[in-house]
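I have placed the structure first, in the form of structure tokens, so that the comments after it can refer back to it.
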Amino acid sequence: MKPLLIRSSLFLAVLLAATGLLEQSAYAQAKAPVKAQTKAPVKAPAPTFGRTASGIEYRIYRKTNGRYLLRTDVNPAGDPTYASRVGKILAAHLQYRTAKDSVLFNSRKDLLGMPAQLPLTELKVRGGIEDAVAMLQPGDSAVFRFNVDSVFGKSFRQPVPPFMKKAGNTMTLLAKAQKVMTPEEAAADQQKMMELAQKKAAADAARLSQKEDLQIQAYLKKNNLEGLKTTGGTYYVVTKPGTGPKPLSGQTISVLYKGMLLDGKVFDSSEKQGGRPISFALGTGQVIPGWDQGLAALTQGTQAILLIPSSLAYGPRGAGADIPANAILRFEVELVEVKK
């Protein structure tokens, strides 16, 4: 679950609405094994956390001569230079983790690789995320640890979700501060980064589409199947031709189906839904695009196999526990009826 669901405070709403993976080199360095004089490697002890008067535990690092070193000038009472940054925007990569180290939010992944833009406002409440962010200066890498009840009450202004409480009493924020900008600079920077992210996403999608098309062709050859390809990219293999009409966009059709991954793992079927066909209006976006494309090519009574690339199915997010990200799907379908 992403913290996009917990945005009751203005700070969190702005933070998560910003279109912006955390560089964890400092955190990793603190935990990395080092070579001892003996043959057996030993782990370097992790630095202890500092603690603010408001209860935030912190470790803040600064890269010096190629190494991340623990800052020794951090004032637990607050950064005296913060007042000069109030009213500006801090660009930072963020990662939220539960007490069990499960990742809740990762800006590089969840914000298309762009940093979150954090408004720096006058601190009226201590002990929340705003208080931690105020300790950061551009170039800092940090690990903050909060009491989960405290941070939800102060920053998110809502009760702790049960899954967070079950994980433990703390929440960790990993942060990499990049730069401080005026609101105007931040808006221009965000626009530029959105354009770059969109170009990268389009290039990545094109590469993935080409790769998956080759995978589907290899699957057809391996399984001695002769498939046809729709103009949109869905492959279909007619296993039993029908004699009825072809459906038109907007017409209601009924379909029996069995959905599986290419390894044969079944994730859904009409049988699991009581053996009844599913009905929907074709071409209206009620089903995944691969279904709209593939079923439009069939006639009533046809049984077929649909091979659907991930971009026409559930994409990089997958669906539930059974359909992973970027999964090519195979459906065995029967177009039972085209309703007039």
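The values are calculated or read from the model by the stated rules, or taken from the named source; none is laboratory data. Because the structure is a prediction, the values reported are computed rather than measured. Neighbour counts run over all protein chains shown; Cβ positions are idealised from the backbone, glycine included. SASA here: full protein model, heavy atoms, side chains in, ligands and nucleic acids out. Shrake-Rupley method; radii C 1.70, N 1.55, O 1.52, S 1.80 Å.
Inter-label distance, residue 284 to residue 252: 0.9 nm, where each label sits 7 Å from its Cα along the C-beta direction. Each 10 Å bin from zero up to the one holding the largest Cα-Cα distance in the chain carries the following percent of pairs: 5, 20, 22, 17, 17, 12, 5, 1, 0. Grouping the Cα pair distances of the stretch 37-184 into 5 Å bins from zero gives a pair-distance distribution of 2, 9, 17, 20, 22, 16, 8, 4, 2, 1, 0, 0 percent in increasing distance order.
What part of the accessible area of the stretch 116-163, given as a whole %, is carbon or sulfur when the probe is 1.4 angstrom? Summing carbon and sulfur atoms, their accessible area is 54 percent of the total for the stretch 116-163. Entry comment: accessible area of the chain is 53 Å² per residue, from protein heavy atoms only and a probe of 1.4 Å. Extending 7 Å from Cα along the Cβ direction at residue 163 and again at residue 322 yields two label points whose distance is 1.9 nm.
Here the convex hull built on the C-alpha positions of the stretch 141-278 has a volume of 296 cubic angstrom per residue.
Take every Cα pair under 8 Å whose residues are at least 6 apart in sequence, average their separation, divide by the length of the stretch 220-297, and the relative contact order is 30 percent. When only Cα pairs below 8 angstrom with a gap of at least 6 residues are kept, the stretch 121-225 shows a relative contact order of 24 percent. When a 1.4 Å probe is rolled over the protein heavy atoms, the share of accessible surface on the stretch 262-340 that falls to carbon and sulfur comes to 48 percent.
Specify whether the C-alpha gyration tensor of the stretch 190-262 places it in the rounded, prolate or oblate class, a ≥ b ≥ c being the square roots of the eigenvalues: rounded for a/c under 1.5, otherwise prolate if a/b is larger than b/c and oblate if not. Verdict is oblate for the stretch 190-262.
In the structure shown, the pairs 200/272; 63/109; 222/339; 176/200; 272/340 are assessed against 30 Å; a Cα-Cα span above that value is assigned to 200/272; 222/339. Rounded to the nearest 10 square angstrom, residue 57 shows an accessible area of 50 square angstrom against a 1.4 Å probe. Volume of the convex hull of the stretch 137-189 (Cα atoms only), normalised per residue: 116 Å³. If r is the Cβ-Cβ distance from residue 191 to residue 340 and R0 is 56 Å, what FRET efficiency results, to the nearest 0.05? The value I calculate is 0.65.
Based on the Cβ-Cβ distance from residue 63 to residue 214, what FRET efficiency comes out when R0 is 41 Å, to the nearest 0.05? Using R0 = 41 Å, I get an efficiency of 0.45.
The stretch between residue 182 and residue 122, if pulled fully straight at 0.36 nm per residue, gains 20.1 nm over its current Cα-Cα span.
Surface composition of the stretch 165-229: carbon and sulfur atoms hold 54% of the protein heavy-atom accessible area at a 1.4 Å probe. Note on residue 284: accessible area approximately 70 square angstrom, rounded to 10, probe 1.4 Å, nucleic acids and ligands left out.
Restricting the stretch 50-112 to trypsin sites (Lys or Arg not before Pro) that sit in a DSSP loop and have at most 14 other Cβ atoms within 10 Å of their own Cβ leaves 100.
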